[in-house]
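Before any comments, here is the structure.
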Amino acid sequence: MKSIHGAPKLNKPKVVFIMGATGTGKTKLSIDLAIHFQTEIINSDKIQVYKGLDVVTNKVTELERRGVPHHLLGVIDDPDVDFSVHDFCRDALIAIKQITERGCVAIVAGGSNSFIEVLVEDPTLNFRSIYDCCFIWLDVLPPVLNARVSKRVDEMVAGGLIDEVRGIFIPQADYLSGIRRAIGVPEMDRFLRVENHMIDDGIPKEVLLDEAINEIKVNTFELTCRQVEKIRKLIEERGWNIRRIDATGVFECPGKDVEKAWESLVLEPSLAIVGDFLNGQEKAFSTTPDQFPAALPQVRVEMCATN
């Protein structure tokens, strides 16, 4: 029996995971792959699962989706409810089953690596015994990624971040649960309290806003460090066979060359990896600590500590 991709249908359905830190291009890669392999995407970002705050959470737009169906994206109405890892596993398994039963590979993409770890490793789910897994890690070296993150935060501010956070601001907000734990929301609290005349500490609003924006950048830098360290632990401690793709060159290119760099550095190797995986010809590969960039661990620690 043949799948829609022309490859022999093997015993186990197949799932591709696109992993990486915030700002590395996971969304773009997942959409490119989904279009090429005619399939669908399951969001594994625990904040993007909520409706609203599209700018703050950098949620992919309808235009950017290019017609690719997305699951678990903007589906939770209540901003205060906690979407737990168990909720994710339940809903992701349903979506994966639906996609793979149609003869397609399921693509799971997002930055909540702890959610992915539980989905794959929880012994009660038996995920690995049911599905074949392919893991792709899209990585960008820290100095380049931090510059990218800083620019993206500025773009989010220009795109309406402040008004979005104003729209959900309440004095008694719990910033440890629901959508309000998203980076970009708690950092604005002091500025909004002054703006709403709830407090007056003598600091101009403009100064407080600048401080809030800088704090958003710092907290995002620190998030990228945690995300990469989690992937490293999955490789070193869990023994996951994760294919690392270095996308640093994409973000170092001048504007007119970005798309060509993306295709050669990221898309083409990713298509080859997934193509081999779907055809049952995946090459033996294992990312080990000695294959990481030589300065990666220390650089990431330093960037987290100094920003």
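Before moving on, here are some points about what is shown:
- Residues that are assigned to a helix (DSSP H, G or I), touching a helix residue (DSSP H, G or I) at 6+ places or on another chain (Cβ under 6 Å) and either among the small types (Gly, Ala, Ser) or closer than 23 Å to ASN241 by Cβ (or both) do not occur anywhere in the stretch 128-148.
- Every residue from the stretch 134-155 that is of a type in the set (Asp, Glu) and either over 14 Å from the mean Cα position of the chain (by Cα) or modelled with pLDDT under 95 (or both): ASP154, GLU155
- Test: residue in the stretch 215-231 that is over 18 Å from the mean Cα position of the chain (by Cα), surrounded by 14 or more Cβ atoms within 10 Å (Cβ to Cβ) and not small (Gly, Ala, Ser): yes
- Selection of first residues in the stretch 199-225 that are in contact (Cβ under 8 Å) with a residue 60 or more places away in the chain and of second residues that are in a helix (DSSP H, G or I) and not hydrophobic (A, V, I, L, M, F, W, C), restricted to Cβ pairs under 7 Å at least 6 apart or on distinct chains, gives the following pairs, ordered by first then second residue: ILE216/GLU187; LYS217/SER150; PHE221/ASN146; CYS225/ARG300.
- Residues within the stretch 161-197 that are assigned to a loop (DSSP other than H, G, I, E, B) and over 24 Å from SER112 (Cβ atoms), tallied: 6
- In this entry, MET156 is excluded by the filter for residues that are buried (at least 17 other Cβ atoms within 10 Å of the Cβ), free of Cβ contacts under 8 Å to residues at least 60 places away in the same chain and aliphatic (A, V, I, L, M).
- Qualifying helices (runs of 4 or more DSSP H) (wholly inside the stretch 1-111; at least 2 residues being buried (at least 17 other Cβ atoms within 10 Å of the Cβ) and of a type in the set (Ser, Thr, Tyr)): 26-36
- Any pair with Cβ under 7 angstrom, 6 or more apart, that starts in the stretch 12-27 at a residue that is on the phi > 0 side of the Ramachandran plot and ends at one that is at pLDDT 95 or above and of a type in the set (Gly, Ala, Ser): GLY25/ALA247
The values are calculated or read from the model by the stated rules, or taken from the named source; none is laboratory data. For clarity, every value in this text was computed on a predicted model and none was experimentally measured. Using ideal geometry, Cβ is built from the backbone for each residue, glycine included, and neighbour counts are taken over all protein chains shown.
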